[in-house]
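Written out below as structure tokens is the structure these notes cover.
The values are calculated or read from the model by the stated rules, or taken from the named source; none is laboratory data. These numbers were taken from a predicted model, which means no experiment stands behind them. Using ideal geometry, Cβ is built from the backbone for each residue, glycine included, and neighbour counts are taken over all protein chains shown.
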């Protein structure tokens, strides 16, 4: 029952056993494909989960004469491109907001009152050591992602992802301390 046509037919008709076979057959290679570009295990796993969820949700629209492998990898490629685009946009927006908010022009009034800056420093201190180091290198040392990645021997995507997670964690901590 392993031919692509029989798998496509089974999927289209909602056969859960066929879905499990497709999962077993393609899960690992799709994960490897996603991880290659994302360089983050959890993110790659999420993308694979998303893809199989969409496959199941849209199973009735499957073309039984199509090519399953090509369909899955093309869908994954498109999803990864969307994820990376959205992540880059979110990162750019957060980075710009932080740069603007924490700008320290000598003739400008401070953006935040002293107690808010203390709360921010306290929240940064509560980060894991690696996240704290990335945050400090980004904000205090004003280093670019590529330089942080080089110094910490990480991929640039890992630095971008971690910084995005740092911003989310700091926002959450700052909001809960109000």
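Using the structure shown, decide if residue 3 is surrounded by fewer than 15 Cβ atoms within 10 Å (Cβ to Cβ) and within 30 Å of residue 160 (Cα to Cα). No: the conditions fail for residue 3. Pairing each residue of the stretch 8-20 that is in contact (Cβ under 8 Å) with a residue 40 or more places away in the chain with any residue that is crowded, with 17+ Cβ neighbours inside 10 Å and assigned to a loop (DSSP other than H, G, I, E, B), provided the two are 6+ apart or on different chains, yields C-beta distances under 6 Å for 8/62; 11/62; 12/62. Those helices (runs of 4 or more DSSP H) of the stretch 33-128 in which at least 2 residues are closer than 22 Å to residue 18 by Cβ and modelled with pLDDT of 75 or more, considering only elements entirely within it, cover 41-57, 68-101.
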